[in-house]
Amino acid sequence: MRLSQLIVLGVLLGVGMGWWLRRDVTEPTAAATPATPLTVVAMPAAEAATARVPLPASVDAAPDGLLLPVQGVLPSQLRDTFTDARSEGRVHDAIDIMADAGTPVLAVADGTVEKLFDSERGGLTIYQFEPSGRWCYYYAHLQRYADGLAEKQVIKRGEVIGYVGSTGNASAEAPHLHFEVHVLGPEKQWWKGVSINPYPLLKSAALMPGAASAAPPE
């Protein structure tokens, strides 16, 4: 290629390059259009924890067919004390069933005596697990246990398991049974559980045929 031809080619290339650079400045192409930014919504910490941690057993479910646990007490005598305030900012989480000291306390359902415990607040107490291990029934302030009652013992609905008293922090002038129902977690620990209100369970249970008049075995 001759020198004159090289010079002409160089001039043409320079003119073309200058036009292309000006085009980039004055005519933005589709590639140069900024993309729509991706919106990221942060999950609140509480919701994130819920998403990662399995929820406990639903407190909407409840056991049925329970027997009123104090012999001779009528449904009309029950009072809902589940949300009553207690000392140290606590909530009662139970129902108090008033009765004379020494009145037989009955197992509300079939199950097993999981723990016999003498506590500062509850006095003589019984933790009963029902057969599936989903529910725990807690009886407190007992005067004494039924003769021969032992941990891991199988008990039947309506069986005498103790007697109404005022042990623990209960008043001697107002003996009663402190009764709770717990939803157990997968660890099945007697000292843990989600409390649910026993009042509607016992009110409906007591209306079942034979429930209110069930007598303990002699």
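The values are calculated or read from the model by the stated rules, or taken from the named source; none is laboratory data. Please read these numbers as outputs of a predicted model, since none were measured by experiment. Methodologically, a virtual Cβ is constructed for each residue, glycine included, from the backbone with ideal geometry; neighbour enumeration extends over all protein chains shown. Surface areas here come from the heavy atoms of the whole protein model, side chains and all, with no ligands, DNA or RNA. Shrake-Rupley method; radii C 1.70, N 1.55, O 1.52, S 1.80 Å.
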Pairs where the first residue, in the stretch 92-116, is without any contact (Cβ under 8 Å) to a residue 12 or more places away in the chain and surrounded by fewer than 20 Cβ atoms within 10 Å (Cβ to Cβ) and the second is part of a loop (DSSP other than H, G, I, E, B) and of a type in the set (Lys, Arg), C-beta under 7 Å, 6+ apart: His92/Arg86
Being open to solvent by 50 Å² or more (accessible area, probe 1.4 Å), in a loop (DSSP other than H, G, I, E, B) and among the small types (Gly, Ala, Ser): is that true of Ser132 here? yes
Identify, please: which residue in the stretch 201-218 is in contact with a Pro (Cβ under 6 Å, 6 or more places away or on another chain) and part of a helix (DSSP H, G or I) and is, among those, modelled with the highest pLDDT? Lys203
Counting only residues that are out of contact with any Gly (no Cβ under 7 Å at 6 or more places or on another chain), modelled with pLDDT of 95 or more and of a type in the set (Lys, Arg), how many does the stretch 128-152 have? 1
